[in-house]
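The values are calculated or read from the model by the stated rules, or taken from the named source; none is laboratory data. If you're wondering where the values come from, they're calculated on a predicted model, not measured in any experiment. Cβ: placed from backbone, ideal geometry, glycine included. Neighbour counts: every protein chain shown.
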């Protein structure tokens, strides 16, 4: 496998395991409320963990090839809505094409907090009561 791809996969794995350790936080401490982001890509992993779940997606970038994004989901009510709404189609699986609207991380990484998720061949989910960048 290409050395760059292996490095990227290791980076995503490290980020995914590091984030749950500091997952219980105020959204404003990690994410920029004034930096909305909308990305469309292919699901690579879904982690249904407490207190926040995570979705990893690969997004085609113009010059950079593929960007690996990691999105944190809101608390249990948003996750419950997503899991229940996708149960008939077997859940959210690697390879599914989704569009995620949210806010970007303050540190400039390809990490975000999701507040809306749309499945290309299925439903759309508003994961929070209101868009966080409008608070």
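Computed values, structure above
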quantity	calculated
Residue 23 being modelled with pLDDT under 70 and either in contact with a helix residue (DSSP H, G or I) (Cβ under 6 Å, 6 or more places away or on another chain) or surrounded by fewer than 13 Cβ atoms within 10 Å (Cβ to Cβ) (or both)	no
Hits in segment 26-39 (condition: part of a strand (DSSP E or B) and loosely packed, with under 14 Cβ neighbours inside 10 Å)	34, 38
Failed condition for residue 99, given (1) loosely packed, with under 14 Cβ neighbours inside 10 Å; (2) assigned to a strand (DSSP E or B)	(1)
Condition met for residue 90 (exposed (fewer than 13 other Cβ atoms within 10 Å of the Cβ), at pLDDT 90 or above and on the phi > 0 side of the Ramachandran plot)	no
Selected residue (criterion: modelled with the highest pLDDT) from residues of segment 120-135 that are more than 18 Å from residue 75 (Cβ to Cβ) and touching a helix residue (DSSP H, G or I) at 6+ places or on another chain (Cβ under 7 Å)	123
In segment 46-71, the residues that are in a strand (DSSP E or B) and touching a helix residue (DSSP H, G or I) at 6+ places or on another chain (Cβ under 7 Å)	47, 54, 56, 68, 70
Residue match in segment 64-75 (condition: farther than 19 Å from residue 120 by Cα and modelled with pLDDT under 80)	yes
